Amino acid sequence: MSLLKPGHRGCAGCGDALAGKFVLDALGEDVIVVSPTGCLEVFTTPYPESAWGVPWVHSLFENAAAVASGVEAALKSLGRKNKTKIVAIGGDGATLDIGLQAISGAFERGHDFTYICVDNEAYMNTGIQRSGATPLYANTTTSPPGRISSGNPLYKKNMPAIIAAHGSPYVATASIAYAPDMMKKVKKAAEIKGPTYVHVHAPCSTGWKFDGSKTIEVGKLAVETALWPLYEMENGEITTVRKIKNRKPVEEYLKVQGRFKHLFTMAGENPNIKKIQEIADRNVKQFGLE
Amino acid sequence: MKLVIKTVTKPGSTRANKTGAWRSFMPVFDHKLCSKCGICAIYCPEGIVYKLENGYFEPDYEYCKGCGICANECPKKAIKMVLEGK
Amino acid sequence: MRKNMVVVEGSYAVAHAVKVCKPNVISAYPITPQTHIVEDLAQFHADGEINCEYINVESEFSAISALIGASAAGARTYSSTTSQGLALMHEALFNSSGMRLPIVMTVVNRALSAPINIWNDQQDSISQRDTGWIQLYAEDVQESADMTPQLYKLAEDVDVLLPAMSCMDGFILSHVYEPVILLEQSLTDEFLPSYDPEFVLDTKNPMSFGAFADPSTYTEFRYKQEKAMGVALEKIEEIANEFKDIYGRYYGGLIDGYVLDDAEIVIMAMGSVIGTVKDTIDELRTEGESVGLLKVRSFRPFPAEAIRKALKNAKIVITLDKNISVGKNEGALCTEVKACLYNTDNRVPVIGFMLGHGGRDIPMQMIKKIINKAKLVEKGIFVESEFADLREDLA
């Protein structure tokens, strides 16, 4: 039985729920989880119920890393740290945007904890608004396509690079669609002393507009098109990379999601899709994916 | 029910909420086609696909939301989503 | 008694008091005029005099957030802040009180921007009065230090479990050098038990803190916080008396009186201005004026019953407020005192004076001017509330 218990209010096919499940099942019972506000926090803890089978604390939206710093300090001071792992699990809005300061402080101070970003690429719990993690041209309610807009005009913030620049000993990207790989990375991150970071891709059927049964399929396409490179960095250097056999063109990934459907209404060559393909091509070069 | 201060809640108490009532489609598992790979159990967001003693898998229909990930991912196409009659 | 006194900076006396309370986690972020407290604590920590984790956070928001996590994990926690820092914590103040975490924080009272001003008034802590934090106001440095273990004992009481702020006027108390008795470790060990909470983050007994409560359950959480404030109302007096028994000092519980019993004119105030008021009263009494002081020590919980009792013989009540609710043209003490008398038979005139904003000095002459202004009510001239120390050349 998983340490993330059933009966939670996640959507049918929820990627965040899978991420939460994989993190807990990778780490076991001796873990304290800190959550910022977000889908995962809200749908797992409607009073008086909780889906978390481990100690869990939620304070505010922007302070998970600061709260985790305090938990770590308390356990150290009280002599209760032992092998207990402290894990902050937060969404992309809480991590890349409003919580960035607290994360920067916690990583700079070198607390022994792991921060896992569950990235569904928008503020989902408030109804699908654009975040710093929203990819180019994605349709969100605050970056909708229209007569003079093709959707989100901005590139995704490179959070793993920001964390690596803080000197973190271990930074990795993962995807819920590659569960054994994700669980291995989470375990490794937790076991390495100091502040470590895993950035997990978690497709959201409600926000990205695809059928809930396709969550894993969509996640795989992100990796297979090189839009979501899977890699590990240790002390700032890339140490492992998941290579792609038979890379797919980005259309294969974009066309199965309603949030990109506006890109397909143009006949002939689409300059927007071309820009997205360039992101994938750059990833291949930068990370040596082929 | 006594209100516990600190908004403290007991672990796993969401089990009181039977989300099986949510679904329209239910997964039907055909063990004859199953290769016991366990992918259905891994990718169930509710964590409610369990391994039986004989090594095959079955969902707990009290919680299954009918999302269809198990059926979509099964490499042997051993799971079919069937409209549930009420 | 006097031979135990040392002359130290107010901040040092408070930092020393924190030290003997043996906190497990301290978070620190600089802001004038509170910084000396966290600096002194850093030196204690560096010299191995406090056995705690000392976190140099990157903002006040993280300062309080780290304490939320630490407190939930079972630690006794401390931080100190001021003005902009306290305002930045606003959201987390509600959050920590709702989560019933007994965090203790010194607020070194300072004016709020804009305009930016580093000197003393009480707008910062007063503007947080709805957050569910206990608020006590200190009259002098000794009281500021003494308040620290009293607040830990109060906050950590199993029937209270609310965070608490100890308010001391910036510069006036934080940077002044006064003779004080530094709190003795042995007496503090006797007075303050160790923190042993029932609900903690513990992998051997997992629990979830910080659930979301829908309309069907939210109200009762607020009700329980309010009930806890009611318990605090009683315990504040009890604890002040226990402190007196062990340390030999008493600064009042919820309130305190100074030549109050027969006073026709009663001045009500919070914080360091009380010293000036007392000196003014001493002078005026020699001139035959019937004037006394009602010190308000606890602002939250608001001691309505104690105030009503203390004012039953007053003919005129003057409230001094180092704060203003802009748009109401009144300070909070004035408004709340009037409110607590309204439904009673005692309709004594309550005249509000706002003064000392942004650190403007309050000399005895100002207190005398205020008293004369308030006495005009006997002639039927009645201004409910005004700025007492307005500069005509700038206004």
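The values are calculated or read from the model by the stated rules, or taken from the named source; none is laboratory data. Everything numeric in this text was worked out from a predicted model, so none of it was measured. Note that each Cβ is placed from the backbone with ideal geometry, even for glycine, and that neighbours are counted across all protein chains shown. Ligands, DNA and RNA are excluded from the accessible area calculation, which covers all protein heavy atoms including side chains. Shrake-Rupley method; radii C 1.70, N 1.55, O 1.52, S 1.80 Å.
Scanning the range A:78-96 for residues that are in contact with a helix residue (DSSP H, G or I) (Cβ under 8 Å, 6 or more places away or on another chain), open to solvent by 10 Å² or more (accessible area, probe 1.4 Å) and not in a loop (DSSP other than H, G, I, E, B) yields a count of 2. Name the strands (runs of 3 or more DSSP E) wholly inside the range C:288-389 in which the number of residues that are closer than 30 Å to C:Leu151 by Cα, out of contact with any His (no Cβ under 9 Å at 6 or more places or on another chain) and open to solvent by less than 10 Å² (accessible area, probe 1.4 Å) is 3 or more. Those strands (runs of 3 or more DSSP E) span C:291-296, C:316-321, C:350-354. Within the range A:24-37, residues that are more than 10 Å from A:Ala88 (Cα to Cα) and without any contact (Cβ under 8 Å) to a residue 60 or more places away in the chain have Cβ atoms under 8 Å from residues that are of a type in the set (Lys, Arg) and in a strand (DSSP E or B) in these pairs: A:Asp30/A:Lys85, counting only partners at least 6 apart in sequence or on another chain.
Here A:Arg259, A:Arg247 are screened, and the one residue that is in contact with an Asp or Glu (Cβ under 7 Å, 6 or more places away or on another chain) and either surrounded by fewer than 21 Cβ atoms within 10 Å (Cβ to Cβ) or at pLDDT 95 or above (or both) is A:Arg247. Selection of the range C:76-132 for residues being surrounded by 20 or more Cβ atoms within 10 Å (Cβ to Cβ), of a type in the set (D, E, K, R) and under 15 Å from the mean Cα position of the chain (by Cα) yields C:Arg110, C:Asp121, C:Asp124. Do you know which residues across the range B:65-86 are surrounded by 15 or more Cβ atoms within 10 Å (Cβ to Cβ) and either at the interface with chain A (Cβ under 9 Å from one of its Cβ atoms) or under 19 Å from A:Ala177 (Cβ atoms) (or both)? Residues satisfying the conditions are B:Lys65, B:Gly66, B:Cys67, B:Gly68, B:Ile69, B:Cys70, B:Ala71, B:Asn72, B:Glu73, B:Cys74, B:Ile79, B:Met81.
When C:Ile37 is tested against (1) at pLDDT below 95; (2) surrounded by 24 or more Cβ atoms within 10 Å (Cβ to Cβ), exactly one condition is not met: (1). Residue check: A:His8 meets all listed conditions (1) open to solvent by 10 Å² or more (accessible area, probe 1.4 Å); (2) within 8 Å of another protein chain (Cβ to nearest Cβ); (3) within 19 Å of A:Gly91 (Cβ to Cβ); (4) not basic (Lys, Arg) but one, namely (1).
Any idea which residue in the range A:25-49 is nearest to the other protein chains (Cβ to nearest Cβ), counting only those that are under 20 Å from A:Arg80 (Cβ atoms) and open to solvent by less than 10 Å² (accessible area, probe 1.4 Å)? Out of the qualifying residues, it is A:Ile32. Counting the residues of the range B:24-39 that are open to solvent by less than 20 Å² (accessible area, probe 1.4 Å) and either facing chain A (nearest Cβ under 9 Å) or outside any loop (DSSP other than H, G, I, E, B) (or both) gives 1.
Determine, yes or no, whether A:Phe287 is aromatic (Phe, Trp, Tyr) and over 26 Å from A:Gly91 (Cβ atoms). It is false that A:Phe287 is aromatic (Phe, Trp, Tyr) and over 26 Å from A:Gly91 (Cβ atoms).
For the range C:328-370, what are the residues that are of a type in the set (D, E, K, R) and either farther than 18 Å from C:Leu294 by Cβ or touching a residue at least 12 places away in the same chain (Cβ under 8 Å) (or both)?
Those that are of a type in the set (D, E, K, R) and either farther than 18 Å from C:Leu294 by Cβ or touching a residue at least 12 places away in the same chain (Cβ under 8 Å) (or both): C:Lys328, C:Glu330, C:Glu336, C:Lys338, C:Asp345, C:Arg360, C:Asp361, C:Lys368, C:Lys369.
Restricting the search to the range A:151-169, which residues are over 24 Å from A:Glu224 (Cα atoms) and crowded, with 17+ Cβ neighbours inside 10 Å? Of everything in the range A:151-169, those that are over 24 Å from A:Glu224 (Cα atoms) and crowded, with 17+ Cβ neighbours inside 10 Å turn out to be A:Ile162, A:Ile163, A:Ala164, A:His166, A:Ser168, A:Pro169. When A:Ile116 is tested against (1) surrounded by fewer than 21 Cβ atoms within 10 Å (Cβ to Cβ); (2) of a type in the set (A, V, I, L, M); (3) more than 9 Å from chain C (Cβ to nearest Cβ), exactly one condition is not met: (1). In the range B:40-64, the qualifying residues are those that are open to solvent by 60 Å² or more (accessible area, probe 1.4 Å) and of a type outside the set (Phe, Trp, Tyr), and the one that is nearest to the other protein chains (Cβ to nearest Cβ) is B:Ile42.
Residue check: C:Pro23 meets all listed conditions (1) farther than 30 Å from A:Thr37 by Cβ; (2) in contact (Cβ under 8 Å) with a residue 40 or more places away in the chain but one, namely (1).
Within the range A:51-66, the set of residues being touching a residue at least 40 places away in the same chain (Cβ under 8 Å) and either part of a loop (DSSP other than H, G, I, E, B) or open to solvent by 10 Å² or more (accessible area, probe 1.4 Å) (or both) comprises A:Ala51, A:Gly53, A:Val54, A:Glu62.
Within the range A:100-111, can one find any residue that is part of a strand (DSSP E or B) and within 14 Å of chain C (Cβ to nearest Cβ)?
No, every residue in the range A:100-111 fails to be part of a strand (DSSP E or B) and within 14 Å of chain C (Cβ to nearest Cβ).
Of all the listed residues (C:Ser71, C:Ser96, C:Ser79, C:Ser144), the sole one being within 11 Å of another protein chain (Cβ to nearest Cβ), part of a helix (DSSP H, G or I), touching a helix residue (DSSP H, G or I) at 6+ places or on another chain (Cβ under 7 Å) and not hydrophobic (A, V, I, L, M, F, W, C) is C:Ser96. Residues in the range C:167-226 that are open to solvent by less than 50 Å² (accessible area, probe 1.4 Å), more than 21 Å from the chain's Cα centre (by Cα) and closer than 21 Å to C:Met147 by Cβ: C:Leu187, C:Tyr195.
Number of residues in the range C:183-229 that are under 30 Å from C:His16 (Cβ atoms) and within 14 Å of chain A (Cβ to nearest Cβ): the value is 5. The one condition from (1) within 14 Å of chain A (Cβ to nearest Cβ); (2) farther than 19 Å from C:Pro193 by Cα that C:Gly10 does not meet is (1).
Quick check, is C:Asp159 at pLDDT 95 or above, over 18 Å from the mean Cα position of the chain (by Cα) and part of a loop (DSSP other than H, G, I, E, B)? Yes: the conditions hold for C:Asp159.
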